[in-house]
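In what follows, a single structure is set out as structure tokens and then discussed.
The values are calculated or read from the model by the stated rules, or taken from the named source; none is laboratory data. All values reported here derive from a predicted model rather than from experimental measurement. Here the Cβ is made from the backbone with ideal geometry for all residues, glycine too, and neighbour counts use every protein chain on show. Remember, those area values only see protein heavy atoms, side chains included, never the ligands or the DNA or RNA. Shrake-Rupley method; radii C 1.70, N 1.55, O 1.52, S 1.80 Å.
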Amino acid sequence: MFKSQLDLTFKNVTIKKGAVLTEDQIKFYNDKGYVKPIRIYDEIEMEEINSYIESLLSASAKIGRYGLNCYHSKLQGVWDIATNSRILDCVEDILGEDIICWASAVVCKNAHSSKVIPWHQDAVIWNLTPARTVNVWLALDDADVENGAMQWIPGSHKKGPVKIDSEFSSNEIDINLLETNLPQINSLKAGECSIHADMLVHGSPANLSSRRRCAIVFRYCSPDVRSIDEKWAEEIESIICRGQDESGYWRHHPRPLNNDLAKVSESALSSVRRQ
Ligand SMILES: O=C(O)CCC(=O)C(=O)O
Ligand SMILES: [Fe+2]
């Protein structure tokens, strides 16, 4: 299958009311392509999670590894967040009872970071079909307009692949083409998450503030999703978080015993890096 054959249509969530998400929140997700804020961790839990993530960030800097991508299957602490029942309850309301986590990333912008994430639609970049991934973006710090919070174009998830001419910084996405609303800011308090559909146009500006803006994002799909990249599919670092995959396509990584970044072997990461 070729990239041009990916099914990138958004599918409405059909249940009216979820176990966690209200009728209004599900309607909002269908109409706008995201839902927020959802409280996952309280302040005390966040202290623990933040010191854990900080220890990973400093260990990764020490051993010369860039970023913390896809450690959910390799490190117990990240696996535990990926499979947190409060997160999965929300995801289940959108995807149904069978849930695969296939990627994660720590997205950290330090104070005064010039890092910009250009406008994009996740599913257009990935090789997955149909477009059925929901992204849970868990704020580790308060995120707002000052420290480079994500922004998105509500309703853009229903437009199919959108022509995006500009980097985020120029703020020139073709609003007329989208015939949709102005960008909205994904402001969140630490411990809250947002959930966005993989076809939603989003990005984030530089962090001009003196506060860090760090989050961890998990990507979940239903088991009917397939990769057009066979090699990737063979090496996928997935967790079957809930329910089952009757087709046997997705691999399940049980809770790892290891929680030490230095003990994750380089070879184990080669597939991860391709993400
Ligand atoms: O954290 C950001 O600013 C962008 C993250 C993103 O693009 C995503 O989670 O899909
Ligand atoms: Fe994204």
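Here the condition is being within 11 Å of ligand 1 (Cβ to nearest atom), modelled with pLDDT under 95 and not aliphatic (A, V, I, L, M); of P154, P118, it holds for P118 alone.
For (1) open to solvent by 70 Å² or more (accessible area, probe 1.4 Å); (2) in contact with a Gly (Cβ under 8 Å, 6 or more places away or on another chain); (3) β-branched (V, I, T); (4) on the phi > 0 side of the Ramachandran plot, each residue gets a yes or a no:
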| residue | (1), (2), (3), (4) |
| --- | --- |
| D7 | no, no, no, no |
| E23 | yes, no, no, no |
| V35 | no, no, yes, no |
| G67 | no, no, no, yes |
| Y71 | no, no, no, no |
| K74 | no, no, no, no |
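Scanning segment 206-221 for residues that are within 16 Å of ligand 2 (Cβ to nearest atom), among the hydrophobic types (A, V, I, L, M, F, W, C) and farther than 22 Å from L56 by Cα yields one hit, C221.
Mind listing just one residue for me: the one in segment 208-224 that is more than 10 Å from ligand 1 (Cβ to nearest atom) and surrounded by fewer than 23 Cβ atoms within 10 Å (Cβ to Cβ) and, of those, nearest to R132 (Cα to Cα)? Explain how you work it out, then say what you get.
Taking segment 208-224 first, the residues more than 10 Å from ligand 1 (Cβ to nearest atom) are 208-212, 220-224.
Remaining after also requiring surrounded by fewer than 23 Cβ atoms within 10 Å (Cβ to Cβ): 208-212, 222-224.
Values: L208: 34, S209: 35, S210: 36, R211: 34, R212: 31, S222: 7, P223: 10, D224: 9 Å.
Of everything passing the filter in segment 208-224, S222 is nearest to R132 (Cα to Cα).
Examine segment 78-89 for a residue that is loosely packed, with under 15 Cβ neighbours inside 10 Å, among the polar types (S, T, N, Q) and either more than 17 Å from A190 (Cβ to Cβ) or modelled with pLDDT under 95 (or both), and state whether such a residue exists. Write out each step before concluding.
Of all residues in segment 78-89, those loosely packed, with under 15 Cβ neighbours inside 10 Å come to 85-86.
Imposing the further condition that a residue be among the polar types (S, T, N, Q) reduces the set to 85.
Now narrow it down to the ones that are either more than 17 Å from A190 (Cβ to Cβ) or modelled with pLDDT under 95 (or both): 85.
Yes; the residues of segment 78-89 include at least one that is loosely packed, with under 15 Cβ neighbours inside 10 Å, among the polar types (S, T, N, Q) and either more than 17 Å from A190 (Cβ to Cβ) or modelled with pLDDT under 95 (or both).
Kindly check whether there is at least one residue in segment 32-45 that is over 17 Å from the mean Cα position of the chain (by Cα) and free of Cβ contacts under 8 Å to residues at least 12 places away in the same chain. Checked against the condition, which is being over 17 Å from the mean Cα position of the chain (by Cα) and free of Cβ contacts under 8 Å to residues at least 12 places away in the same chain, segment 32-45 yields at least one hit.
If only residues of segment 116-137 that are in a helix (DSSP H, G or I) and within 12 Å of the chain's Cα centre (by Cα) are counted, the one that is farthest from ligand 2 (Cβ to nearest atom) is A123.
Do we find that K163 is at pLDDT below 95 and away from ligand 1 (no atom under 13 Å from the Cβ) in this structure?
Numbers: at pLDDT below 95: yes; away from ligand 1 (no atom under 13 Å from the Cβ): yes.
Taking the combined requirement at face value, the residue satisfies it.
As for segment 170-188, it holds no residue that is under 22 Å from C108 (Cβ atoms), at pLDDT below 65, within 12 Å of ligand 1 (Cβ to nearest atom) and within 20 Å of the chain's Cα centre (by Cα).
Each row is one residue, and each column tells you yes or no for (1) outside any loop (DSSP other than H, G, I, E, B); (2) without any contact (Cβ under 8 Å) to a residue 40 or more places away in the chain.
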residue: Y52; (1), (2): yes, yes
residue: A59; (1), (2): yes, no
residue: I100; (1), (2): yes, no
residue: S104; (1), (2): yes, no
residue: S114; (1), (2): no, no
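If you check L95, L56, L75 for being modelled with pLDDT under 95 and away from ligand 2 (no atom under 16 Å from the Cβ), only one passes: L56. Right, N110: of a type in the set (S, T, N, Q), open to solvent by 30 Å² or more (accessible area, probe 1.4 Å) and within 16 Å of ligand 2 (Cβ to nearest atom) or not? Taking the combined requirement at face value, the residue does not satisfy it.
Cβ-Cβ contacts under 8 Å between residues 6 or more apart (or on different chains), taken from a first residue in segment 76-91 that is more than 11 Å from R219 (Cα to Cα) to a second residue that is polar (S, T, N, Q) and assigned to a loop (DSSP other than H, G, I, E, B), are listed as Q76/N258; Q76/N259; G77/N259; W79/S73. Scanning segment 5-27 for residues that are under 22 Å from the mean Cα position of the chain (by Cα) and touching a residue at least 40 places away in the same chain (Cβ under 8 Å) returns L6, D7, L8, T9, F10, K11, V13, G18, A19, V20, L21, I26.
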